[in-house]
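Chemist: Pasting a structure here, questions to come.
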Amino acid sequence: NITGTHNLDSVSIDWCNSGTGNIANVTLNHLNLHNDNGPSSGCDEGIRLTNITNGTVLNSIFNGEGACYSSTGTTGIYSAGLSNVTVVNSILENTPNTGSPDQTGMDFEGFSDQVHIRDSYIAGNAASGIEILTIHGSGGYNTNHEIAGNLFVNNGGSSIERIGSDATPTGTIHDNLYYEPTGFTRGDLSSFTFTNNLSLSSLSTLYN
């Protein structure tokens, strides 16, 4: 039940100064984070999830995050170094166009395995709804991810986008609904398994 706005990150789970380690068994419930536009040096995201094993983010809203220019990119949820982490029954919307890199609803930065994005509403982001990066060398893996049961609407790039070619991302993308004039996917996602993703022809029947 945390509300956060106008911060650099409203919530940050991270290791400072390149420290290492993992935080286990994290649950974040009923967050309402919006319009985070922290100091001029940053405002990269609303929530930063780093080096978590066994985590869940649920019943939460991320609206208009990354709301100022950042040379390193903006997103609603930044994730890296995760193992078995789920985002479920949440809203990731309206990451604005600030001229920054990324500008996505959620960023899969890398070094992660078994991240699940389920049953969420992902809409109106300036670029893609979910971005999978493979830009950190052959060790910057994104493996065994699941994107399932979500509703994607009017994201500026696509619902799901891969950027980079350093490592081969893997996982399943299934049972999603989407209304995307720019397309469901962008970039090479041929190593993912796609099942039962349905394009919708009209906005009139959609709601979150």
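Chemist: Can you name every residue in segment 143-193 that is over 16 Å from residue 92 (Cα atoms), touching a Phe, Trp or Tyr at 6+ places or on another chain (Cβ under 8 Å) and assigned to a loop (DSSP other than H, G, I, E, B)?
Modeler: 167, 169, 170, 184
Chemist: Do we have residue 97 as more than 15 Å from the chain's Cα centre (by Cα), within 22 Å of residue 157 (Cβ to Cβ) and modelled with pLDDT of 95 or more here?
Modeler: Yes.
Chemist: Residue by residue through segment 196-205, note down the ones that are on the phi < 0 side of the Ramachandran plot, open to solvent by 40 Å² or more (accessible area, probe 1.4 Å) and not in a strand (DSSP E or B).
Modeler: Listed by number, the residues that qualify are 200, 201, 202, 203, 204, 205.
Chemist: Could I ask something else about it? Could you please find all residues in segment 151-195 being closer than 16 Å to residue 206 by Cα and open to solvent by 30 Å² or more (accessible area, probe 1.4 Å)? Steps first, please.
Modeler: First pass over segment 151-195, keeping only residues closer than 16 Å to residue 206 by Cα: 151-155, 159, 175-181.
Across segment 151-195, the qualifying residues are 154, 175, 177, 178, 179, 181.
Chemist: Inside segment 20-60, counting only strands (runs of 3 or more DSSP E) that do not spill past its ends, which hold 1 or more residues that are without any contact (Cβ under 8 Å) to a residue 24 or more places away in the chain and over 15 Å from the mean Cα position of the chain (by Cα)? Walk me through how you get there before you give the answer.
Modeler: Working: elements: 23-29, 32-34, 45-50, 52-58.
Ranges flagged: none.
Chemist: Could you please tell me which pairs satisfy a Cβ distance under 7 Å, a separation of 6+ or placement on different chains, a first residue in segment 109-132 that is touching a residue at least 60 places away in the same chain (Cβ under 8 Å), and a second residue that is among the aliphatic types (A, V, I, L, M) and outside any loop (DSSP other than H, G, I, E, B)?
Modeler: Correct list of pairs: 121/91; 121/151; 123/153.
Chemist: Across segment 94-136, which residue is nearest to residue 12 (Cα to Cα) among those that are of a type in the set (D, E, K, R) and open to solvent by 10 Å² or more (accessible area, probe 1.4 Å)?
Modeler: Among residues in segment 94-136 that are of a type in the set (D, E, K, R) and open to solvent by 10 Å² or more (accessible area, probe 1.4 Å), the one nearest to residue 12 (Cα to Cα) is 109.
Chemist: Now for a separate question. Under 8 Å between Cβ atoms, which residue pairs at least 6 apart in sequence (or on different chains) link something in segment 173-194 that is touching a residue at least 12 places away in the same chain (Cβ under 8 Å) and farther than 16 Å from residue 153 by Cα with a partner that is surrounded by 15 or more Cβ atoms within 10 Å (Cβ to Cβ) and among the basic types (Lys, Arg)?
Modeler: Sorted first by the residue in segment 173-194, then by its partner, the pairs are 187/162; 188/162; 189/162.
Chemist: Kindly list the number of the only condition in (1) open to solvent by 10 Å² or more (accessible area, probe 1.4 Å); (2) more than 19 Å from residue 151 (Cβ to Cβ) that fails for residue 91.
Modeler: All conditions pass for residue 91, except number (2).
Chemist: Sticking with this structure for a sec: Scan segment 51-70 and give yes if some residue there is of a type outside the set (Asp, Glu), touching a Leu at 6+ places or on another chain (Cβ under 8 Å) and farther than 27 Å from residue 175 by Cα, otherwise no.
Modeler: yes
Chemist: Run residue 47 past the list (1) buried (at least 19 other Cβ atoms within 10 Å of the Cβ); (2) touching a Phe, Trp or Tyr at 6+ places or on another chain (Cβ under 9 Å); (3) at pLDDT below 95 and report the number of the one that doesn't hold.
Modeler: Among (1) buried (at least 19 other Cβ atoms within 10 Å of the Cβ); (2) touching a Phe, Trp or Tyr at 6+ places or on another chain (Cβ under 9 Å); (3) at pLDDT below 95, the lone unmet condition for residue 47 is (3).
The values are calculated or read from the model by the stated rules, or taken from the named source; none is laboratory data. If you're wondering where the values come from, they're calculated on a predicted model, not measured in any experiment. Don't worry about glycine lacking a Cβ; one is built from the backbone with ideal geometry, like all the others, and counts go over all protein chains shown. Calculation scope for accessible area: heavy atoms of the full protein, side chains included, ligands and nucleic acids excluded. Shrake-Rupley method; radii C 1.70, N 1.55, O 1.52, S 1.80 Å.
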